[in-house]
Each structure stands twice: as C-alpha cells, then as structure tokens.
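Below is one structure, written out as structure tokens; the observations come after it.
Read the figures in this text as sums done on the coordinates, not as results from a lab. What you see is a predicted model, and the numbers here were worked out from it, not measured in a lab. So basically every Cβ, Gly included, is an ideal-geometry build from the backbone, and we count neighbours across all protein chains shown.
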Amino acid sequence: MTTPNRWWITGTLTTRANFHIGNGEIVPNDPRVSLDKDENGEEQYADVAAIVTDCNGKPWLPGSSLRGVLRAWFEKHAPNHIVSLFGRGDKNQEEAGKTRVCGGVYRSHAIQPSLTQESYHFDSGRLTLLEAGVAIDRVLGVASDQKLYYQEVVRPACASSRPSKSATSKNPPFKALLAALEAFNDDSLTLGAETHSGKGRMTWKCARVCGLAGEAMKQWARDAFTGKADAPIDRAQVVQIQPSTHSTAAASLDVTLKFEGLFCVNDPGSCRLGQAGEKAPQKTPMKTSMTPSWLNKQPRLDAQGRAYLPANSFRGVFRSQMERIARTLGLPKVCGEGTGITCKPLHHAKDVDNLCPVCQLMGAPGWKSLIEIGDFRQQGEAQVITQEFLAIDRFTGGGADGKKFNARAVVRPTLQGRLSLDETRLASLKDKDAALALFTHTLRDLKEGDLRFGMGTAKGYGACKAEYTVGTASIPRDLKQWAETQHGNAVTWLTKIANQSTCNTRLAWPKAPEMGCQNSSIQSHATAPNLEFHNPSHFIPAKEPNPNDPRWLSAKQRDWQSAPPISHARYTNGSFDTKQFRYSGRIVCRLRTLTPVVIGAQRTAATKSSAAVVTPYSYDENLAPDKKTPILPASSLRGLISSLVEGATNSAFRILADSQLSANDYPNKRKDLGKMHDYFSKTFGQEMLPYSPSRNRLSPADLMFGAVSDTKSIEQIQALAGRIWPGDAIGTPGGFAPEPVLLKILDSPKPPCPTLYFTSTKGFIAKKT
C-alpha cells in the first residue's frame, strides 16, 4: 500500500476591489446611514445587507465560499481532478474529497482609513464600507420606488490569511490546485457577490507550502505530533511544481470615458437636505477653501479619495440602452417595460434561450452576465467645484422657497475601465450573432456620446464619449473582420433581425424638418445699428389652458404600465396615420450676450470694510477673473427654456411656491387672497398647479422637462424624467471683468420711497436723473 503525500498550503488573498459575502441578514436601522425624517419628525435609518463576520466582528472568509469557487474553476479547466480533490455526492457513488479548505481571517492593510473613508461610512472596527445602489425605472427614467439599497463591503487592500490542506498521492492534482489559486491574479477566479460588476477581485500570494511524503509520513505517524509536518518543502521544489500563471481566454476591451463637463455619482447617505435647527454634516469629502459648510450632493469616492464610476452604475445605463435599442427595433419579449414583462428565473443552463436577448447578455436570476464590467477609475488629476442650484418661481420670478441646493462635482474627468466578454458561454447561445450585434450597437452609441452617467443628466452632468482599446483579445476574434465577412456591419445585421421580428412592416424614417433661417435676418454685433432697440420683455400669445388637449397625458401609473405613451424604454417614431413624427437628436446652438451676464457661484459674506462678493460660475475656481472661462450652466438654460415652453404650450406651472398671496391696493390696506395654490386652483383649475397627486394629467412641459411629486401616491406616477438633456454653454476665456462691479441692493418698489431708485452714490450703479 502506497502512503499518500500530504500538502499544506498557506497564503494571503488581498482585495483589489470591494468585496461582499453576505450572511443572509438585513441589519435594520443601521445608524451609519441616516435618511429623511418621517411624518412624526423622527430620524430614519437605512437597512443594510450585512457581511459574514467572525466572533470578533471582523470580516470572515468562509472556507465553503473559497472551496466553491475553486471547484467551479476545476469544472471548467481541470475536470479530471474534481473527484480526487473535492469528491462527489452522486447517489450510490459518494466519495469524500481529499482537499480541506479552511476559512480566512481578515486583517487591515497598511493603508489607513482616510477622512474620505470615514465620511463614507467607513467602520474601522469591522473594516467595512457601506455601498449604495438604486434601480432605475425603464419607462419613467427615474429611480424606482423602494429600490434604494445599501450593502456592507470590505474595502480594497484588506488581506486574508487562508490555509488549505490537501491529501493526494500524485503531483498533478496538487499542481492543478496551485494553478487554481494563481487564477486569482488575472481575475479568472473571484469571490463573493456581484463579481460580474467588478467586485471580488483579489491577489493571491503563496506564503508557505509544507509537505510530507514516503518515510517522512510514516515517521510522523509513528512519532505523533513531532512538528515535522510543518517543515516547508524546498523552495526550488515548489517552483518546479507550481505551473505558470493561468491566462484568461475571455475577450476584453479597455474603455476610456472622457467627460465633456461635470460628473458626479451621488452617495445618497453621505448628506441630505437640512431641516430647521438641524446640525450640518460633521465632515464633507474633498474639503477645499471653496467648499461650503453644507453640501447636498457629493460624489462617491474610492479609497484614494478620487471620484469613480461604480461598475453597477455603468452596467445599469449600458443595459438600459441595450434594451432601448432592442425594443425600438421590435425584438420580441424584451423584459423591463411595464408590469409583468420580465424574464422568469433560470434553473437550468439549457433553458437560456428562453431569456430575452438582453438578459442572455447582461444576466438574469439564475444566469450570470456574459459581460463583466469593472469600476471606472479616474486617470490623472481633475478639478472639483461646487455648483449652486436655485429653482425660479413662475409667479414671482424670484427664487422658490426650499428649492435651493448645491452639488460637488468633478470637472471633465477621464475614467478608465474594462469590459470582458465570456466567449465560451456566448458560443452556447442559439442566436449568438444577434446578441453580439446588439452588444456592438450599444458600444457604438457609447462611443458617440448617447449615454450619460451619474446624477444630474438633465442638468448637463454625465455627458461623455468613449474610446476603445483592444485588451487581451478582440471582441470576439477581431470584431471588425467578423462584421465585414458575416453581415457587412452591425447596423445592417440589426436591421435584418428587426425584419424577422413580430413587426409586419418596417417604418421608413421621414425627412427631418429644416431648422435654418434666412441670412438677411442675422446681423453681427459689429454691423448692428447704434439705435437698435431690444425689447426688455418677450410676450408669448397664449390661449386658455386646456388639460383635455391630446398633448396632455394621463398621470395614472396603470396607464403607463399597460401602454406607455411616451416611454424612456424605447425610441418613439410617432405614427404614420397622424403624420406626427418624433425625433431624437442634437441641436447645437450659439448664444451671443448683448448685456452683462452674471451666473453666481460662491458668495463671500460682506465685512465692515468690504462688500459681499459673488464669484461668477466657472470651471476655473483657482484662476484670476480675467483668465477664467465663462460658463452658462445647463441648469440655467434648462430653467429658461422650460419656463418659455410652459407659457407657449399653456402647460402647468412646474414651480409655484404655496406662499401667502396678497394684492396691493394703495393707499388702502393690502388685500389678502389666501394661499397661492388655492387661488390658482380656483382661477385656472387644479391641473395648472405643480405636479402632485391632485392632478390627473401631465402637461406638455411636464413630458418634455420632467415632473416630481412631493407627495407619495400608489395611484400616480411619482416622478418622470425629462427628455431634454442640455449641456453647459462654454464661453471665451478671459470673458470676466477683472475687477468686481459694485451693485446697490434694491428693496421692493414702493411709491413713497423714490429714493431707492434715484440715489446717486459714487461707486454704485444708479439710475440717471
């Protein structure tokens, strides 16, 4: 009888990305994440998906989790050794495995928690962060109700000591086990949840290999616990046994996102809107001299304090665009649009063809995504600025009460990430060409800038274009050659797919309307007459509001779920019967300022010796005024255009404060007219008020620029994303005045006080007499 060899492997796994192995429990009311107060004014806290911990409350790597991923690797790369190393549980053929895997204890890396990590719910005792996520409604284009979640993750650069003991009679299984462990270093082997979104990436470092064989094993058995079993084998022998690093066969594509303006992925738990008498957050990330003491929105940061785009955020936008393309082309059974339109969970891999084309690529319950996506990390340095936002009341023309907030964002960052495609599983699809063509078409849209990431897409945030670099392999095996030889190009192939779908006829796209104007009506500023008159007000002729107009749509949730009239889930092309076409595209405009323009950013309070100073909005916070580039924010353009659209289309007042309304009856006492909303409801009707559960229809301006209800209702749409994505207007560098201009603050005009308008004080702007 041959005495089997005994091996003992000890090594360290170091996390290179966030890592989560859940214990199946949800921690209710975690004090690390405070939410808005409830109706009774009591503080609310988020529920958090917890990780597995040891008896000391530190993260724990279960041996069963590691054994499971090792066995999965052997099933794919070395199936002949599975029974020998891991056993089998077949009925009447049960056999114990010869590999015993022990759990790992986490220990903190040399990197210490920074201010940024502490601000983002870092727990130095548990060595964990809290990560937030939210699902986006495909039809409405906004966050789905009750779909915000938090989960606990182990931050990168934490290490786990992991001993593994295996008993085997020959070297080949042992060599294969070493090869499996080395697969951690090229991402062929990952641990935990959401590995398709970049989590669970680790680095394996073999610390010690011990072994006993032959006479040494017999001697150890006779002497019983002499310690000889811990004697390491010769290093040269380990090198000889250990195979070369395993190389992955997955196709990969390096993606560089170059943002054209501001970018921010908001962390909803780090800060929130303040209430009266409420304390400000104790700490804010990326604190600079220009950072205000109170932030409403701030970007999510990595362990190094840099902004990044989480893989889940990229995946959600990328998948949503893929679904939009598939639905527009008429591909059958694309899930995600409306109630009940979803793929069923998959229990057997052979039933993968029952999934819709998007779920086959991007994953579904029971089917892992074929496309793995990593976090997109910031490359180089990027400036961070604070932008102030203020909604304008449609009646008063001033700032709306409670509608001011600010956001901290990164200026024109460059983020880099990687997409990997599992070619082996792709080949198992029945219609792999259709799936691949859908993937490449989405890549084209990403490259052309049709996808936006992060918060504030309606305010000019998140616009970018992509650049691609082929990684370890082409996608797949030289995509360009595949497209040319098989179907000409991906667009042509998608058209063929659409022709074979359930649509009986294809709609021919009508010619876009001409948007030009006559040259004779355009005059340059230099040739304009000196006596040119500019009307200070522009009046829009309007009829009486008519909510029964067909352009007003139902605000009921069920109407949008059953047959969405204007859905973000697809590109709509209108109807050939009514000759009403809808277009998707870009409008590029050039604005010429005729009078001085000030868009305020930061404000420095006045002192006894100096006036208050409002800094104009610009990306260049640290430059002198005469060197800055003027920026007209997309939010300002959007507010201006949306207010004009409201008037031109007789739409509802999208922003109208419910303040006390009174009429001046000088010299008599002012007449009280009651609350603003009550007065407008009696005068113009309930449908003209800002969007709320009291309204039954959505006006044209709501459909174009979006709507949000302040009150929750299960019957109505809670929010609707706008269909207009403006961008910042970039001016000419050096367009600011080198010195501040002093302005006198004016009070509301009153007949007895003409001096407010006719005071002539040196150094102040005053009306000429």
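Data for the structure
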{"quantity": "Cα extents of the stretch 636-718 along the three principal axes, largest first (Å)", "calculated": "45, 32, 20"}
{"quantity": "Kirkwood Rh (inverse of mean 1/r, distinct Cα pairs), the stretch 291-430, angstrom", "calculated": "18.7"}
{"quantity": "Pairwise FRET efficiency - N185 versus K76, Cβ, R0 = 30 Å, nearest 0.05", "calculated": "0.95"}
{"quantity": "Across K58/K98; K344/K368; K199/K333, pairs whose alpha-carbon gap is larger than 21 Å", "calculated": "K58/K98; K199/K333"}
{"quantity": "Cβ crowding within 10 Å averaged over residues, with 631-644, 720-733 ranked highest first", "calculated": "631-644, 720-733"}
{"quantity": "Solvent-free Debye scattering, log10 I(q)/I(0), computed from the Cα coordinates of the stretch 406-467 at q = 0.15, 0.22, 0.25 Å⁻¹", "calculated": "-0.63, -0.96, -1.10"}
{"quantity": "Virtual spin-label span in nm between E95 and K682, 7 Å along Cα→Cβ", "calculated": "8.9"}
{"quantity": "Cβ-Cβ FRET estimate between D549 and D710, R0 fixed at 30 Å, reported to 0.05", "calculated": "0.75"}
{"quantity": "Burial ranking of peptide ranges 323-330, 736-743 (average Cβ count within 10 Å, highest at the top)", "calculated": "323-330, 736-743"}
{"quantity": "Coil-residue GluC sites (Glu not before Pro) of the stretch 377-439, DSSP, other Cβ within 10 Å capped at 14", "calculated": "E381"}
{"quantity": "In nm, spacing of pseudo-spin labels at Q146 and I566 (7 Å Cα→C-beta vector)", "calculated": "2.9"}
{"quantity": "FRET efficiency, 1/(1 + (r/R0)^6) with R0 56 Å, evaluated for A737 and D401 via beta carbons", "calculated": "0.95"}
{"quantity": "Inter-label distance, nm, simple model (7 Å from Cα along the C-beta direction), K333/T593", "calculated": "5.8"}
